[in-house]
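The values are calculated or read from the model by the stated rules, or taken from the named source; none is laboratory data. Note that the structure is predicted; figures quoted are calculated from it, not measured. Cβ sites come from the backbone with ideal geometry, for glycine too, and all protein chains shown count toward neighbours.
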């Protein structure tokens with residue numbers, strides 16, 4: 001069964017991809033917290049409903065081998081933006097506030113765990129509906 005045809009899996013996969021990319025951007029901010037003139041960046045918010053509608057119109061899947069199955073792992077292109085909510089800047093010109101970045105990081109981790117749990121629950125419901133799994 002092609003899981004990419006099920007809306008809930010497309011939506012959770014898209015959100016998880018966005019969250020993974022955001023985690024990467026936030027980690028760059030933290031790593032550059034002492035770099036002179038560095039300005040923190042964040043991910044531009046995405047309307048995931050429109051992303052799912054757009055992806056159902058013919059986004060090709062990225063497969064590393066022709067015999068791999070499709071599980072809805074479309075590659076999405078997300079936009080990174082410079083943060084506008086800069087509250088303070090160090091004398092060196094660095095505008096990264098570690099506490100703020102750590103809060104964003106914790107929110108991203110919690111959202112990713114939520115998406116993972118939703119994905120897992122829907123897989124469990126599919127298994128139960130097909131008679132192959134016990135309710136968890």
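Quick check on residue 22: is it at pLDDT below 90, surrounded by 14 or more Cβ atoms within 10 Å (Cβ to Cβ) and under 14 Å from the mean Cα position of the chain (by Cα)?
Considered against the rule, which asks whether it is at pLDDT below 90, surrounded by 14 or more Cβ atoms within 10 Å (Cβ to Cβ) and under 14 Å from the mean Cα position of the chain (by Cα), residue 22 comes out as no.
If you go through the stretch 105-118 one residue at a time, do you hit one that is part of a loop (DSSP other than H, G, I, E, B), within 15 Å of residue 20 (Cβ to Cβ) and either modelled with pLDDT under 90 or in contact with a helix residue (DSSP H, G or I) (Cβ under 6 Å, 6 or more places away or on another chain) (or both)?
no
Would you be able to say whether some residue in the stretch 91-98 is modelled with pLDDT under 85, over 15 Å from residue 26 (Cα atoms), in contact with a helix residue (DSSP H, G or I) (Cβ under 8 Å, 6 or more places away or on another chain) and exposed (fewer than 15 other Cβ atoms within 10 Å of the Cβ)?
Checking the stretch 91-98: not a single residue is modelled with pLDDT under 85, over 15 Å from residue 26 (Cα atoms), in contact with a helix residue (DSSP H, G or I) (Cβ under 8 Å, 6 or more places away or on another chain) and exposed (fewer than 15 other Cβ atoms within 10 Å of the Cβ).
Output yes when any residue across the stretch 65-78 is at pLDDT 65 or above and surrounded by 14 or more Cβ atoms within 10 Å (Cβ to Cβ), and no when none is.
yes
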